[in-house]
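This report concerns only the one structure given below.
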Amino acid sequence: MRAIQPYSPTNDIDPTPIYLSQHAMDSITEKFPYLVQKKRKEGQEVRRVAQLDWKIIEENCEKSFVASGLQFFPLPVMHGEDYVCLGFLFGEKYKVAYISDVSRFIPSTEQVISKNGVWQLDLLILDTLYKEGSHNVHLCLPQSLEAIKRIRPKQALLIGMTHEFDHHKDNELLIEWSRREGIDVQLARDGLRVPIDL
C-alpha cells in the first residue's frame, strides 16, 4: 500500500480505506501494530508507513457496504477449515462475484450467488491454484469447475494459477469444457480488462 500512496516523509497523506472483518482487524492489530497506531509515543520517530483507514464490515451476505460509489456484499467462504475469508459481490446491472481465497463454499454464500439462489452471476472470478489435485486452503481446477457447475454463472474467469498452467493450451481445453457445460470459463491473465456496465 505504501508504494501506491503519495510520498510524504511525515505520513501527511489521505489514508486509503481498507474494508475488513473484525476478526481480520484484531489479527492485524496484533501482528502489525505500526499500521494501526495513530499517535506516536513520546520520543518515537516518524516512520513512513502506509496510511490506512480501517473500516470494519460484517461477514454477512446480507450486510452490504459502499466503497468507491459501489455497493458490495461480503461473501464469506472457507480458506482452509479454520479461517473465514471474504469474497465480494457487486454490480447492479451486471452482477460480479470476486472470490480469490477459497477452499470451500459456505452453503449460504453459494445460495446467494447461484443461478437457483438470489442472483445469477454475470461473472464469477474464482480461485484455482493447481491444475490437478487439491490444496488445503485453495480450490484447484477440478474443484473450481465443480463449483462453477453448481453456481452456474454466465461467465467465469479463473485466477491465482501456479506456473504449471499453460495459458493457451489450458484455455483451449476450457473452451471445450465450456461448450459441453454451457458456461463460458477461461483462465484470466495479467492485464485482462473486462468491459462491463455495473
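The values are calculated or read from the model by the stated rules, or taken from the named source; none is laboratory data. Computed from a predicted model, the values in this text were never measured in an experiment. Because the Cβ atoms are built from the backbone with ideal geometry, glycine has one as well, and the counts that use them run over all protein chains shown.
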I'd like the full set of residues that are surrounded by fewer than 18 Cβ atoms within 10 Å (Cβ to Cβ) and in a helix (DSSP H, G or I), limited to the stretch 91-109. 107, 108
Might you check whether a residue that is in contact with a His (Cβ under 6 Å, 6 or more places away or on another chain), outside any loop (DSSP other than H, G, I, E, B) and assigned by TED's automatic domain parsing to the domain that holds residue 86 occurs anywhere in the stretch 125-143? yes
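Does at least one position in the stretch 183-198 carry a residue that is in a helix (DSSP H, G or I) and at pLDDT below 95? Show your work before the answer.
We begin by selecting, within the stretch 183-198, every residue in a helix (DSSP H, G or I); these are none.
Within the stretch 183-198, none of the residues are in a helix (DSSP H, G or I) and at pLDDT below 95.
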One residue is enough: does the stretch 45-67 have a residue meeting the conditions farther than 23 Å from residue 122 by Cβ, free of Cβ contacts under 8 Å to residues at least 24 places away in the same chain and of a type outside the set (Lys, Arg)? yes
Can residue 50 be described as outside the structural domain of residue 146 (by TED's automatic domain parsing), out of contact with any His (no Cβ under 6 Å at 6 or more places or on another chain) and small (Gly, Ala, Ser)? yes
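Give 187, 126 a once-over and let me know the one that is within 19 Å of residue 74 (Cα to Cα) and in contact (Cβ under 8 Å) with a residue 12 or more places away in the chain.
Values: 187 fails: within 19 Å of residue 74 (Cα to Cα).
The conditions single out 126.
Would you check which residues across the stretch 76-90 are of a type in the set (Phe, Trp, Tyr) and assigned to a strand (DSSP E or B) and list them? Talk me through it step by step, then tell me what you get.
Residues of the stretch 76-90 of a type in the set (Phe, Trp, Tyr): 83, 88, 90.
Listed by number, the residues that qualify are 88, 90.
Find the residue count for the stretch 136-167, including only residues that are surrounded by fewer than 15 Cβ atoms within 10 Å (Cβ to Cβ) and basic (Lys, Arg).
Here is the first cut: in the stretch 136-167, the residues surrounded by fewer than 15 Cβ atoms within 10 Å (Cβ to Cβ) are 136, 142, 146, 149-150, 162-164, 166-167.
When the remaining residues are screened for being basic (Lys, Arg), the result is 149-150.
Of the residues in the stretch 136-167, 2 are surrounded by fewer than 15 Cβ atoms within 10 Å (Cβ to Cβ) and basic (Lys, Arg).
Just checking, does the stretch 146-159 include any residue being among the charged types (D, E, K, R) and under 21 Å from residue 81 (Cα atoms)? I'd like the intermediate steps shown before the answer.
First, pick out the residues of the stretch 146-159 that are among the charged types (D, E, K, R): 146, 149-150, 152, 154.
Next, only the ones that are under 21 Å from residue 81 (Cα atoms) stay: 146, 150.
Taking every residue of the stretch 146-159 in turn, at least one turns out to be among the charged types (D, E, K, R) and under 21 Å from residue 81 (Cα atoms).
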